[in-house]
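What follows is one structure encoded as structure tokens, with my remarks underneath.
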Amino acid sequence: MRWKLAAAVGVGALLVAVTAAPANASTNTITVGPTGTVTNRILISVSVTIVCDPLPGTPVFSSASVNVQQANGKQISAATGGTSTFSGPAAPFLTCDGVTANTAVVQALPDTGSGPFHGGGAVATARFDYQTTTNSEHGNSTITTVRLRG
């Protein structure tokens, strides 16, 4: 009987711990689109979608970056790229209100020593950063399979 009671209390505590979200829980997400393009075997373009939380203060900076890797024979080709804006007429390119799906196309070039890219499967990760005069936030994607065309 004690074991059943202890198990029930333990399961109840676990459920509360798993379902309870802190007051400052975030919706910060970035996802990489399922397809991308490769131009002249070196320029990779992929779309990302970002949802970010509102922050107090005046927006001053936003950015998104991607890393793409693809098998190329016995080698791995790798590319990195990003886009960003600072204070001014284009800042920020993100609308951070917790619901707006901000979409951007991010371009990447091969890393030093990397081989060229080709049409076919690749994997990508992405990150975004957003900063106001008083606070900042960021988000990272999971590893995503991308189909490159071109």
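Results, tabulated for the structure shown:
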quantity: Criterion violated by Tyr130 - all others in (1) in contact with a Leu (Cβ under 6 Å, 6 or more places away or on another chain); (2) more than 15 Å from Ile30 (Cα to Cα); (3) crowded, with 20+ Cβ neighbours inside 10 Å satisfied; calculated: (2)
quantity: Inter-residue pairs, beta-carbon under 7 Å, first under 13 Å from Val146 (Cβ atoms) and touching a residue at least 12 places away in the same chain (Cβ under 8 Å) and in the range 101-128, second in a strand (DSSP E or B) and charged (D, E, K, R), 6+ apart; calculated: Gly119/Arg149; Gly121/Arg147
quantity: Any hit, the range 45-55, residues being aliphatic (A, V, I, L, M), assigned to a loop (DSSP other than H, G, I, E, B) and modelled with pLDDT under 95; calculated: yes
quantity: Some residue of the range 108-122 being touching a Lys or Arg at 6+ places or on another chain (Cβ under 9 Å), surrounded by fewer than 18 Cβ atoms within 10 Å (Cβ to Cβ), modelled with pLDDT of 95 or more and at positive phi; calculated: yes
quantity: Where Cys96 falls short, out of the listed (1) exposed (fewer than 15 other Cβ atoms within 10 Å of the Cβ); (2) of a type outside the set (Phe, Trp, Tyr); (3) touching a Pro at 6+ places or on another chain (Cβ under 8 Å); calculated: (1)
quantity: Only listed residue being under 21 Å from Thr27 (Cβ atoms) and touching a Ser or Thr at 6+ places or on another chain (Cβ under 6 Å), chosen from Val51, Val105; calculated: Val51
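The values are calculated or read from the model by the stated rules, or taken from the named source; none is laboratory data. Bear in mind the structure is a predicted one, so any value in this text is a computation, not a measurement. Here Cβ is always computed from backbone atoms with ideal geometry, including for glycine, and neighbour counts include all displayed protein chains.
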